[in-house]
Amino acid sequence: MLPIRSIASRAIYTANSVSFRNAGYATISGDKHNYKVVVVGAGTGGLVAANQIYNRFKAAGKALNAGDIAIIDPAEHHYYQPGWTLVASGLTSKAKTRRPMSSLIPSHLSYIADSVKSFEPKDSTITTLAGRKISYDNLVVAAGLQINWNAVQGLTKALADPNSGVSSVYSYDTADKVWSDVQALRSGKAIFTQPAGIIKCAGAPQKVMWMAWSTWENILKSGSNIRTEFYTGMPTMFAVPKYSKALDELRVKRGIEAGFGHNLISVDSAAKKATFKKGDGSTVVKEYTLLHAVPPMGPLDVIKGSPIADQAGWVNVDKNTLRHVEYGNVWSLGDSSSLPTSKTAAAITAQAPVLAENLFRVVDVGSIGKAGYDGYTSCPLLTGHGELILAEFKYGLEPKETFAKYLGDQAKPRREYYHLKKDVFPFVYWNYMLQGQWFGPKGLVRPDYA
Ligand code: UQ1
């Protein structure tokens, strides 16, 4: 059995112990069937949104009662996924990137350890895997996305073999294997891949590469014996032209060969060969000593084809209001949403306050106000030890940089940003963001939409 868990596993987990969660912090609600707000998913989007919604009503002097908001997620742990690139580069331990779910859900939220089986937005209900029908005044969908590990033939087998030299940053179980493989490599060819299409944190595949390169070059001094190559299904290094240019210059300067429009389709771990499909349909086989593989990703099966999904399978929300285009009491943010921006934790810092404000206004006065999401997202691109390019941008792939006016162009790798990513953000996340008190570039100040 391959011990790969992913966000998707939240949807397929069997809810078998609704009543026995250690309730030191969270309360388990076993019998209530109607809630003012139901939040689906207790990942970054769900936990932040649930807390910001609670805080928003309270700030208006209209506090919801304990138990008015329910959050539903079958996962035993919550993961700080932005930490996995740090795990993959030996900068932190994986144990520090997860905490028991029950320790993170405050007692004023009802915690339902179950998963959604179907959405019935016409009736304002959801049905759970355990067979409960739950009705809501408002529904917030933050269910995450699905990692299609099996879409790359031979990958799960290769990942499960400790000696295969094949790893992936995209799961808790394999993120530390990246680091052990990187440390073990003394010579040969290291291949890093990225699939075509939408993935979460689209910068991560190359962050892992840059940190591995820096480890060989600067720490282990074995760089001259290792050839590094990057094969991506995308046409460029990064979607935003400004950062793409900087990253491509860095790639050339560091002697890293790239193949664009190259999609990993199979791994033969016995022969140490990876097969890629190119845009013209032809295939090409590459030998590797170390392979960092990133599988394709897509919408969760439970959402795809459901009444709340768009054609592609994402929750179909207005890109500025985060309100469902058809069902006015359904909202979405984060990876499961149709928002046409990069799927990151930083994006949640800007999406959640807009969602909380709009939902509050709809409940309070019946219509939304001026709050709108501009597509803000960020990708802290580790480029080596002590250096990071802080990509920040909004809709239209337009840069929206927080620190440029103080420190200069954020396309230039800087030490300050490296420490933001490595030391500041993890602390802020666990201590402020998950409690609904952190607003990204606005810090601890909730945006005012008056
Ligand atoms: C952020 O707020 C955040 O959460 C704590 C991150 O980590 C998950 C980020 O990567 C980024 C970029 C932000 C945005 C905050 C600032 C100060 C730019």
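I'm told Glu392 meets every condition in (1) under 19 Å from the mean Cα position of the chain (by Cα); (2) more than 30 Å from Ile219 (Cβ to Cβ); (3) within 13 Å of the ligand (Cβ to nearest atom) except one. Can you identify the failing condition by its number? Glu392 satisfies every listed condition except (2). Taken as a whole, the condition of being modelled with pLDDT of 95 or more and acidic (Asp, Glu) does not apply to Asp31.
If you go through segment 388-399 and keep only what is buried (at least 18 other Cβ atoms within 10 Å of the Cβ) and in contact (Cβ under 8 Å) with a residue 60 or more places away in the chain, you end up with Ile389, Ala391, Phe393.
Can you tell me which residue within segment 308-350, out of those that are surrounded by 24 or more Cβ atoms within 10 Å (Cβ to Cβ) and without any contact (Cβ under 8 Å) to a residue 60 or more places away in the chain, is nearest to the chain's Cα centre (by Cα)? Out of the qualifying residues, it is Ala347. Scanning segment 386-416 for residues that are under 20 Å from Met237 (Cβ atoms), part of a loop (DSSP other than H, G, I, E, B) and not polar (S, T, N, Q) yields a count of 8. Of all residues in segment 75-125, those that are within 25 Å of Asn34 (Cα to Cα) and of a type in the set (Phe, Trp, Tyr) total 2. Identification of helices (runs of 4 or more DSSP H) wholly contained in segment 79-196 with 1 or more residues that are surrounded by fewer than 17 Cβ atoms within 10 Å (Cβ to Cβ) yields 155-160, 172-184.
Residues that are surrounded by 15 or more Cβ atoms within 10 Å (Cβ to Cβ) and β-branched (Val, Ile, Thr) were ranked within segment 400-434; the one that is nearest to the chain's Cα centre (by Cα) is Val428. Checking each residue in segment 243-257 for being under 26 Å from the mean Cα position of the chain (by Cα) and surrounded by fewer than 17 Cβ atoms within 10 Å (Cβ to Cβ) picks out Lys245, Asp248.
Restricting Ala75, Ala11, Ala66 to those that are outside any helix (DSSP H, G or I) and either under 16 Å from the mean Cα position of the chain (by Cα) or modelled with pLDDT of 95 or more (or both) reduces the list to Ala75. Number of residues in segment 346-383 that are part of a helix (DSSP H, G or I), β-branched (Val, Ile, Thr) and over 21 Å from Val40 (Cα atoms): the value is 1. Within segment 329-345, being in a loop (DSSP other than H, G, I, E, B) and more than 16 Å from the ligand (Cβ to nearest atom) holds for Asn329, Ser338, Leu339, Pro340. Tell me, please, whether a residue that is over 23 Å from Gly45 (Cβ atoms) and of a type in the set (Asp, Glu) can be found in segment 133-144. No, segment 133-144 contains no residue that is over 23 Å from Gly45 (Cβ atoms) and of a type in the set (Asp, Glu).
Can you pull out the residues in segment 402-438 that are within 8 Å of the ligand (Cβ to nearest atom) and of a type in the set (A, V, I, L, M, F, W, C)? Listed by number, the residues that qualify are Phe403, Leu420, Val424, Phe425, Val428, Met433, Trp438.
Close Cβ contacts (under 8 Å, 6 or more residues apart or on different chains) running from residues in segment 362-382 that are away from the ligand (no atom under 16 Å from the Cβ) to residues that are assigned to a strand (DSSP E or B) comprise Val362/Asn138; Val362/Arg323; Val363/Lys36; Val363/Asp137; Val363/Asn138; Ile368/Arg323. If you go through segment 247-283 and keep only what is more than 24 Å from Asn225 (Cα to Cα) and either of a type in the set (S, T, N, Q) or free of Cβ contacts under 8 Å to residues at least 24 places away in the same chain (or both), you end up with Asn263, Ser266, Lys277, Lys278, Gly279, Asp280, Gly281, Ser282, Thr283.
The values are calculated or read from the model by the stated rules, or taken from the named source; none is laboratory data. What you see is a predicted model, and the numbers here were worked out from it, not measured in a lab. Cβ atoms come from the backbone with ideal geometry, glycine included; neighbour counts cover every protein chain shown.
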